Amino acid sequence: MNGRLSSILRGVAVYGLPPAIAFAVVIGLWEAYVAWRDVSILVVPAPSDVWERFFDDPGYFWEQGWWTLYEATLGLIAGSAVAITLAVIMAHSRPVERGLLPLAIAMKVTPLVAIAPVLIIIFGFGTTPKIFLAALLCFFPMLVNALIGFRDVDSGALEFMRSLRASPWSVFWKLRVPSSLPYLFSALRITYPLALVGAVIAEWFTGNRGLGFVVYSAAQNLRTPELFSAIAVLAVIGVVINIALSLLERRVLFWHESVRSTR
Amino acid sequence: MANETQHVRLRGLSHVFTDGREPLHVLDDVSMDVPHGQFTSIIGPSGCGKSTLLRIVGGLLAPSAGSVRIDGAPPRDAQRRHDIGIVFQEPALLPWRTVAGNVRLPLEIDGARRRGTEAESLLNLVGLSEFRDYYPHQLSGGMAQRVAIARALAVDPTLLLMDEPFGALDEITRTAMRYELLRIWASQAKAAARKTVLFVTHSITEAIVMSDRIIVINGRPGRVVADTAVELPRPRTQEIERSAPFLDYADHLRGLLDGAAA
Ligand SMILES: Nc1ncnc2c1ncn2[C@@H]1O[C@H](COP(=O)(O)OP(=O)(O)OP(=O)(O)O)[C@@H](O)[C@H]1O
Ligand SMILES: [Mg+2]
C-alpha cells in the first residue's frame, strides 16, 4: 500500500473522526429532543426536516450561497486593498499614523452593521451596499495587522539593508512585505468571516438574493427548515474558507514558525 | 579620497542616547585611526558602547558629537558605494530566502556595483555550497553565521564591521569560526587588497588570535583605555593559543579590563 496515502488516511482518522463524532452526537441529540418534546416545526425543525428541505432543491441554496460568497469576497478585497494602502503610508509616516489611527479606532468601536440601512439608502438594492458593508467590517483588523506587520521587521536585517543605503522601496518589497505576510494571514482569518457577516446583514435589508435574504424571508414566513438549510450552507462556506486559508498559509509561510511548529 | 592613508578616522566621538527617561552617555571622546587592511578588535565589558560605536562607524547612528570619516568622507558615502559589510551577533537572515538567496540580497539592492562577487563563489569560500538551497531554519547557528558573513562579503566591501559575530555560538564552533574567518580574510592574494576589519568581541583569546591591533574600551561612558599592537606572526593557527607571547598578551589585556572596571 502506498505510504503517503495511508498516512493521509491516518491523518483523516486522527483529526477528522473526533469532530465528525461530536457533530453526529449533537445532531442526534437535537433530532431526539425534537421528537421527544414534539417541538413544533414552526419553532425548531428536526435535522431530518432541514435535510429534506435542503435536498429538495440544493441548487437554490448553493446559488444563494454563491452570491453571498461573491459579495463577501469582493468586499474583502476592496476593504483589504484600502486598509493595506493606508497601512503602507502609515508605516512610513508617523504624522499620518497619528492622524488616521484614532479615526480607524473610532470605526472599530462603532457597531458598523448599524450602518447597513444607510448604505442601502445611499447605494440602492444592488450588490454595492453588500460589498461596501463587507469591506467596512474587514477594514480595521486588516489595517492594524498590516501596520504591525510592516513595522515588525528584524532589526538586524533592516540595519544590514540600511548599511547598503537600500531605498525605502527596496526595504519595503524585500523586507517589510514578506515580514508582514504572517500578520496578513492572521488578519484574513478574522476578516473573511467578517466579510460574510457584512454581506449577510446587508442582504437582510435588500430582499432579493443571497443567504441573508433567504434567512430573513424564511424567518418572516416561519419556513424554519429553509432557514436552517441556509445557515448550514453558511457554515459550510465558512469551514471551506478556513481550510483553503490554512492550505494557502502552509504553502506561502513555509518558513514561518507558526507553520513549521505544526509539522 | 583615495589619497587618504587612513581608512577609518574617528575624532572626538561622543554619544548620548536621549530617548530613555534620562540621557545616557555611552561614548566619550573616542578617537582612532584605522589604516587600510588592518584587523582591529574592540574589546570591553558589556554596556560600554562597543555596538554603539560600530553603528556610528557604519553610518547607522549619528553621533552626538565628533566626526567619522571613511576614506575621508562621511559614512553615508561609503554606504552609497556599498563599501561597508556588517555582521551582527545574530545572523539576521531573511527566513523566506534560501542560503543563496540571502547571499544575493545585497546585489539586488539599488545601485549595487557590478564588482559584486557571485553567490556561488562566496558559498564556496564559507564552505556552504552544498547548502545553497537550504532555508535558514534548516541551518545550525554556525552555518547561519557563515551565511551572514558571505552576505556581508557579497558587495566586496573594503570595510567589514563585525559585532560579536561568534558571540551566540558554542565554544567549539566559535573556535573553528575564528580560524575560518582568518582564512577568509587572508584569502585575498595581495595583502594590500585585504579588508579592513573592525571586530567587536568579549573574548580576549579571540581578540589576540585574530587582530593586528586591539583597542580596549572601558567605563561608563566608554573611553579608549588602551590601544595595543599584536605582533604575532601570520598565518596564525590554534597552536598560537599556547605560545608564550600569546599568554603575555592575554595577561596584559586581562589586567587592563579588570583594572579599568574596578
Ligand atoms: N537605541 C538605544 N537607545 C537607548 N539606549 C541604548 C540604545 N542602544 C544602546 N543603548 C544603551 O547604550 C549602552 C551601550 O550599549 P551598547 O550596545 O553599545 O553596549 P555594548 O558595549 O555593545 O554591550 P554588549 O557587549 O553587551 O553588546 C547600554 O547601556 C544600552 O542600554
Ligand atoms: Mg554589543
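Structure notes:
- The set of residues in the stretch B:105-129 being facing another protein chain (nearest Cβ under 9 Å) and either in a loop (DSSP other than H, G, I, E, B) or modelled with pLDDT of 90 or more (or both) consists of B:L105, B:P106, B:I109, B:D110, B:G111, B:A112.
- If the condition is being crowded, with 18+ Cβ neighbours inside 10 Å, more than 28 Å from B:R81 (Cβ to Cβ) and under 20 Å from the mean Cα position of the chain (by Cα), then the stretch B:114-156 contributes B:G142, B:M143.
- Check on B:A226, assigned to a loop (DSSP other than H, G, I, E, B) and either away from ligand 2 (no atom under 15 Å from the Cβ) or within 14 Å of another protein chain (Cβ to nearest Cβ) (or both): no
- Residue tally, condition among the β-branched types (V, I, T) and either within 16 Å of ligand 1 (Cβ to nearest atom) or within 11 Å of chain A (Cβ to nearest Cβ) (or both), over the stretch B:78-104: 4
- Test: A:D57 is on the phi > 0 side of the Ramachandran plot and without any contact (Cβ under 8 Å) to a residue 24 or more places away in the chain: no
- Conditions (1) surrounded by 17 or more Cβ atoms within 10 Å (Cβ to Cβ); (2) within 18 Å of A:K108 (Cβ to Cβ): number failed by A:I190: (1)
- Within the stretch B:145-159, residues that are among the β-branched types (V, I, T) have Cβ atoms under 6 Å from residues that are part of a helix (DSSP H, G or I) and buried (at least 23 other Cβ atoms within 10 Å of the Cβ) in these pairs: B:V147/B:V99; B:V147/B:N102; B:V155/B:P106, counting only partners at least 6 apart in sequence or on another chain.
- Residue count for the stretch B:145-165 under the criterion of being assigned to a loop (DSSP other than H, G, I, E, B) and more than 13 Å from ligand 1 (Cβ to nearest atom): the result is 5.
- Conditions (1) crowded, with 18+ Cβ neighbours inside 10 Å; (2) within 24 Å of B:I84 (Cα to Cα): number failed by B:G167: (1)
- Applying the condition of being hydroxyl-bearing (S, T, Y) and part of a strand (DSSP E or B) to the stretch B:189-223 and asking which residue is surrounded by the most Cβ atoms within 10 Å (Cβ to Cβ) yields B:T201.
- Leading residue by the ranking (farthest from B:I214 (Cα to Cα)) among those in the stretch B:23-53 that are more than 16 Å from ligand 2 (Cβ to nearest atom) and not in a strand (DSSP E or B): B:P23
- Unique match (being within 16 Å of ligand 1 (Cβ to nearest atom) and either touching a residue at least 40 places away in the same chain (Cβ under 8 Å) or in contact with a Leu (Cβ under 8 Å, 6 or more places away or on another chain) (or both)) among B:G47, B:G20: B:G47
- The residues of the stretch B:54-77 that are away from ligand 2 (no atom under 16 Å from the Cβ), within 14 Å of another protein chain (Cβ to nearest Cβ) and part of a loop (DSSP other than H, G, I, E, B), listed by number, are B:G59, B:A62, B:P74.
The values are calculated or read from the model by the stated rules, or taken from the named source; none is laboratory data. Since the model is a prediction, treat every value here as computed from it, not as a measurement. As a convention, Cβ positions derive from the backbone with ideal geometry for all residues, glycine included, and neighbour counts pool all protein chains shown.
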